[in-house]
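The values are calculated or read from the model by the stated rules, or taken from the named source; none is laboratory data. Being a predicted model, the structure only gives us computed values, none of them experimental. Cβ placement follows ideal geometry from the backbone for every residue including glycine, while neighbour counts extend to all protein chains displayed. The area values use the complete protein model at the heavy-atom level, side chains included, leaving out ligands, DNA and RNA. Shrake-Rupley method; radii C 1.70, N 1.55, O 1.52, S 1.80 Å.
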Amino acid sequence: MSQASATSPAALSRHAALVRMHAATVLFGVSGILGKLCQSSAPVLVCGRALFAVAALGLLCLSRHEAPWRGLNRRDLTGLALSGALLTVHFVTFFQAIKLGGVAVGTLGFACFPAFTTLFEALAYRERPTAAELWGLAAVSLGLICLTPAFSLNSSATHGLLWAVLSGAVYALVAIANRRTAAAISGMRACWWQNVVILACLLPFTAHALPAVPSLDWLWIACLGLFCTALAYSLYVGSLTALKARQAATIITLEPVYAILMAWLLFGDAPGPRTLFGGALILGAVLYGNKR
């Protein structure tokens, strides 16, 4: 690349998007740690998280004279409602995976979502998967087999892995939906609306349990809402104005690496050889597939 092209507006825009995506990835990695610390159920945790995110993002938008509820048409609202509903399912299944399978199994199982993104984009745009993509899907499948703690549905850790894979599949749909709305709506406004939808989906089922949430859990939930949701998803959705869903997926692949390292340091939760091998297969396949 020449010096002139490296300093062009397009290159600067892409550079800013990459920085935002990497920062969001670190915060996403912290989510698994906080989810493990929080004793409340996954739906209660996600609902409380959304409460803090809506409040923080609403105040931030208003301070910038950008009311999130203004200037949207019916198509925008439909897209935000869809992505918000998908995020509700993603968050609940992800934290359920963390609680049942642990940080390593939960985050590595979720890390298969770029493979789902590739598959879903191919189906949506009627593109035939390449041989490399098919090999990548096979490697991800083998990695998930290696991650399986026990080949029995009686194992809670196996249940955790299944929840994590479902979370990854749903998140692939979120990535594609966000790419469609990112060009017309700022990341902050999109994130505010998505969390409003999460509240609408979960409050009817969790309102009775919120008053009984322990004080320490509220601390972890506040951190999830303010940093791992409000800040992280604003960075993530905003970066999609310059990055494709597959490019974003490549960077997000690093999330389980950060999460596992932090779990190892904080909880002494060292991954075993099978977990490391299965994780290496999944991350390697995703990185290779998205660098083509």
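Values for this structure:
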quantity: Normalised contact order of the chain, rounded percent, pairs of Cα under 8 Å and 6 or more residues apart; calculated: 37
quantity: Kyte-Doolittle at least -1.0, axis length at least 20 Å by Cα - qualifying DSSP helices, the chain; calculated: 9-37, 42-63, 74-110, 131-147, 156-182, 187-206, 273-291
quantity: Selection of GluC sites (Glu not before Pro), the stretch 85-155, meeting DSSP coil and at most 14 other Cβ within 10 Å; calculated: E127
quantity: Extension gain from V257 to F277, taking 0.36 nm per residue of separation minus the Cα-Cα distance; calculated: 5.9 nm
quantity: Chymotrypsin sites (Phe, Trp or Tyr not before Pro) restricted to the stretch 61-152 and DSSP loop, no more than 15 other C-beta within 10 Å; calculated: W69, Y125, F151
quantity: Which of H15, H22 is most accessible, then next, and so on - probe 1.4 Å; calculated: H15, H22
quantity: Tensor-based shape of the chain (alpha-carbon gyration tensor, a/c under 1.5 rounded, otherwise prolate or oblate); calculated: oblate
quantity: Probe 1.4 Å, protein heavy atoms only - accessible area per residue of the chain in square angstrom; calculated: 46
quantity: Share of carbon and sulfur in the accessible heavy-atom surface of the stretch 14-290 [1.4 Å probe, %]; calculated: 69
quantity: Value of [θ]222 nm, deg cm²/dmol, for the chain, DSSP H segments ≥ 4, -39500 (n - 2.57) each, nearest 500; calculated: -26000 deg cm²/dmol
